[in-house]
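Just so you know, all these numbers are worked out from the coordinates, no wet-lab data involved. Being a predicted model, the structure only gives us computed values, none of them experimental. Here Cβ is always computed from backbone atoms with ideal geometry, including for glycine, and neighbour counts include all displayed protein chains.
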């Protein structure tokens, strides 16, 4: 436990050198976990019969996010909910959020100060939270402000308690679990109001937010999604998307501050209206700093994997910390090299920041768009100053891994910039002053 908490990547790499691509960890509160670092075996796990390898019923997030959460379901119920949600996260639908994300980002960047070191994590959290609340929840006005107040402590408390069942006890509302339940109740009340307002909205069909799509969605028998189903999916999208995307953006700034040549290439590209190198940089950030280390599946019966028979109840973890740093898969893995993803797309079972198979993150396209827009706007507005400080350590936030100091950076506002309209076309240019 200490090895994983303090030095996860070096620790699991040392275990791989000693035992190979398949080894067992015995973790307090979790039980036996078989870490998998071989893409062939990871493919087997991700494409296994979903009745044999499950996730939802055993998920520690079930009590946090709700029993209807996509992360808490298995089998046909999981597939049915996924089918209802997928249309809202298709490419064209997601692309429509670019202008909204750009506006939110520029509003936040207006608060940044030149020449002073600061952690970007706070700003990244605010940007990703508001983006999801507006694009997914359709929240505005008082509901938006209330959710912006409730969701950060809700997410932080839920993440810290998810893996510690012994702390999930309420004593007159005085325990951390009791405080979490109060936050959950308040959040559900606001979401119920948003849902009911959407159901009676005369312009519902014209709305582009995901909540509007869910209100209009129906199950195969023609019945609509219930309030509880919609609530749990909304909370899941926020908890799963807001924190992880914010941490990845914080890591991106932390990486760029230590790679000035990459920053220079990105600035030249953004001024020219391009995005290929930025796209590759995002993928490289996710390779070097995956915020979700394991994609887990529980065996419901004896399961053959890599020449071993795993007993029922075993947790199998496809380990990004292993594949992402395997020199056979990614040459010179310690170096930050975005160009590795320009000529070749990452392998489906080698590069796994979003998991894989039927349980691959449903919001992956939205998250990538969000990171692309936020980085573009930062590069348009600011020059990221290089640092000689050592790499920030990995810090576990209960579910995801974040930079220990929050991605500390010094920026300088650019005197000239080319701002782009969605899609990469130029909309305004400032002349060098």
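Checked against (1) within 22 Å of the chain's Cα centre (by Cα); (2) in a loop (DSSP other than H, G, I, E, B); (3) surrounded by fewer than 19 Cβ atoms within 10 Å (Cβ to Cβ), residue 361 passes all but condition (3). Where helices (runs of 4 or more DSSP H) fall wholly inside segment 203-283, the ranges with 2 or more residues that are crowded, with 23+ Cβ neighbours inside 10 Å and under 15 Å from the mean Cα position of the chain (by Cα) are 227-256. Of the residues making up segment 28-42, those that are surrounded by fewer than 16 Cβ atoms within 10 Å (Cβ to Cβ) and assigned to a loop (DSSP other than H, G, I, E, B) are 28, 29, 30.
Candidates are the residues of segment 104-122 that are closer than 22 Å to residue 239 by Cα and more than 17 Å from the chain's Cα centre (by Cα); the one that is surrounded by the fewest Cβ atoms within 10 Å (Cβ to Cβ) is 119.
Filtering 25, 15, 53 for residues that are closer than 16 Å to residue 295 by Cα, over 21 Å from the mean Cα position of the chain (by Cα), touching a residue at least 12 places away in the same chain (Cβ under 8 Å) and surrounded by fewer than 22 Cβ atoms within 10 Å (Cβ to Cβ) leaves a single hit, 25. When 342, 352 are screened for being in contact with a helix residue (DSSP H, G or I) (Cβ under 7 Å, 6 or more places away or on another chain), surrounded by fewer than 21 Cβ atoms within 10 Å (Cβ to Cβ) and farther than 18 Å from residue 242 by Cβ, only 342 passes. In segment 63-142, counting only helices (runs of 4 or more DSSP H) that sit wholly within it, the ones holding 1 or more residues that are out of contact with any helix residue (DSSP H, G or I) (no Cβ under 8 Å at 6 or more places or on another chain) and in contact (Cβ under 8 Å) with a residue 24 or more places away in the chain span 75-85, 98-109, 121-135.
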